[in-house]
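Student: Before I ask anything, here is the structure I am working with.
Since every read-out is calculated from the coordinates, none of them should be taken as a lab result. Here the structure is a predicted model, which is why all the values come from computation and not from measurement. Glycine gets a Cβ as well: all are built from the backbone with ideal geometry, and neighbour counts include every protein chain shown.
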Amino acid sequence: MAFSDAESVATCAGAVVRADRVVDGLAYGRCAVGGDDATDTVRDLIERIDRPDVSALLLAGVAPAWFNFLDPELLFEETGLPTLSLSFEASPGLEPAIREQFDGDAREWRLDAYRSLPPRRSLTVNDEQVFVRAIGVDAPVEDGAESGDSPVPPLAPNCEAARIVRGFTPEGGRPEPLRVARLAARAGRELGDRLTTERRR
């Protein structure tokens with residue numbers, strides 16, 4: 001699942017990618033930029049895709065559509081699928097940005113959502129570093145890493161979470177389901193923008 005933001009609405013795309021990396025399905029949804037409905041959008045897409053053969057759920061990030069936080073634990077509980085959220089840039093975390101951008105209840109629920117996430121772990125994939133939060137799947141820290149200097153401990157290289165990510169990443173650092181979903185979300189958002197512009201003429 002990946003998102004692409006417009007001014008007030010984000011397009012979400014879900015891509016079904018088989019183990020042989022063949023794209024086998026796409027579905028689209030929308031959520032509010034700055035809202036709280038991203039998890040509901042993903043749940044709806046999973047229901048509409050309706051593929052019992054899907055073996056894992058990969059999410060592009062945890063706070064798409066301007067801090068519209070996803071709930072990976074809820075998605076795992078409802079689907080039974082190992083749920084992995086991936087990001088692709090090092091960061092000090094989202095708490096400072098949440099505090100800067102929001103106040104009141106809007107700040108508090110986002111802080112609660114952020115603090116409830118599984119821990120972030122680093123993983124090297126094809127010489128690129130990605131960051132993984134995993135639930136419902138074996139994702140231990142590499143032996144000896146907890147005492148190291150890195151602010152984001154590395155995943156054990158042969159754990160199940162690492163195998164899932166690497167198994168769907170033939171090149172670069174972005175797993176194929178997320179690469180395809182990202183392209184689809186951008187294309188869907190651009191089409192929506194064009195149709196909206198044409199209707200206003």
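Student: Name the residue farthest towards the positive end of the dipole of the chain from the options F168, Y28, L58, assuming +1 on Cβ of Lys and Arg, -1 on Cβ of Asp and Glu, about the Cα centre.
Tutor: Y28
Student: How much FRET efficiency would the formula 1/(1 + (r/R0)^6) give for R163 and L74, where r is the Cβ-Cβ distance and R0 is 30 Å, rounded to 0.05?
Tutor: Working from the Cβ atoms, E equals 0.80.
Student: With springs only between Cα atoms under 10 Å apart, run a GNM on the chain and tell me which of C12, C31, C159 wobbles the most.
Tutor: In this elastic network of the chain, the residue with the biggest mean-square fluctuation among C12, C31, C159 is C159.
Student: Further question on the same structure: List every residue whose amide H lies under 5 Å from the amide H of D37, counting only residues 5 or more places away in sequence or on a different chain, with H placed 1.01 Å from N in the peptide plane.
Tutor: Long-range HN contacts for D37: A32.
Student: A follow-up question, please. I need the shape label for segment 24-74. Rule: rounded when a/c is under 1.5, else prolate if a/b > b/c, else oblate, with a, b, c from the alpha carbon gyration tensor.
Tutor: prolate
Student: While we're here: ³J(HN,Hα) across segment 5-15 via Karplus (A = 6.51, B = -1.76, C = 1.60, θ = phi - 60°), whole Hz, x for Gly/Pro?
Tutor: Whole-Hz 3J(HN,Hα) from phi for segment 5-15: 8, 9, 5, 10, 10, 9, 8, 10, 10, x, 10.
Student: Further question: When a/c is below 1.5 the answer is rounded, else prolate if a/b is larger than b/c, else oblate, so apply that to segment 56-157 with a ≥ b ≥ c taken from the square roots of the Cα gyration tensor eigenvalues.
Tutor: Note, shape of segment 56-157 comes out oblate.
Student: A further question follows. Efficiency by 1/(1 + (r/R0)^6): what FRET value for D138 and E7, r their Cβ-Cβ distance, R0 = 35 Å, to the nearest 0.05?
Tutor: So the FRET efficiency works out to roughly 0.30.
Student: Under the Karplus relation 6.51 cos²θ - 1.76 cosθ + 1.60, θ = phi - 60°, what is the ordered set of whole-Hz ³J(HN,Hα) values for segment 52-67, x standing for Gly and Pro?
Tutor: x, 8, 5, 10, 7, 10, 10, 10, 8, x, 10, 9, x, 6, 6, 6
Student: For the pair R107/A187, report the inter-label distance in nm, with labels modelled 7 Å from Cα in the Cβ direction.
Tutor: Label-label distance for R107 and A187, simple model: 4.2 nm.
Student: Show me, bin by bin at 5 Å from 0, the whole-percent P(r) of segment 97-157 based on Cα pairs.
Tutor: Per 5 Å bin, starting at 0, the Cα pair percentages come out as 4, 16, 19, 18, 15, 13, 10, 4, 0.
Student: Say R0 is 30 Å: what FRET efficiency, to the nearest 0.05, do S91 and R199 get from their beta-carbon distance?
Tutor: The formula returns an efficiency of 0.20 here.
Student: So what's the back-of-envelope 222 nm ellipticity for the chain, counting only DSSP H runs of four-plus at -39500 (n - 2.57) apiece and dividing by all residues, rounded to 500?
Tutor: Estimated from H runs of four or more residues: -11500 deg cm²/dmol.
Student: If the chain between V22 and E128 were fully stretched, how many nm would it gain, using 0.36 nm times the residue separation less the Cα-Cα distance? Display every interim value, and only then the final one.
Tutor: Numbers: separation 106, 0.36 × 106 = 38.16 nm, distance 2.28 nm.
Going from the current span to full extension adds 35.9 nm.
Student: Where does each of R30, R110 land when they are ranked from fewest to most other beta-carbon atoms within 10 angstrom?
Tutor: Sorted ascending by nearby Cβ count, the order is R30, R110.
Student: Please list, ordered by chain and number, the residues whose modelled amide H lies under 5 Å from the amide H of V16; skip anything fewer than 5 residues away on the same chain.
Tutor: Placed amide hydrogens put D24, G25, L26 under 5 Å from V16.
Student: In addition: Return the single residue from L58, L191, L94 with maximal mean-square fluctuation; model: Gaussian network over the chain, springs between Cα atoms under 10 Å.
Tutor: Highest fluctuation among the options: L191.
Student: From the phi angles alone, apply the Karplus equation (6.51, -1.76, 1.60; θ = phi - 60°) to segment 156-170 and give each ³J(HN,Hα) in whole Hz, x where the residue is Gly or Pro.
Tutor: Per residue, the Karplus-derived 3J(HN,Hα) values read 4, x, 10, 6, 5, 4, 5, 5, 4, 4, 5, x, 9, 10, x Hz.
Student: Now a separate question. Looking only at segment 1-140, where both bridge partners belong to it, what percent of the DSSP beta bridges are antiparallel (to the nearest 5)?
Tutor: Details: 23 of 27 bridges.
For segment 1-140, the DSSP antiparallel bridge percentage is about 85.
Student: For V125, enumerate residues with amide H under 5 Å from its amide H, sequence gap 5+ or separate chain, H modeled in the peptide plane.
Tutor: It is V130, by chain and number.
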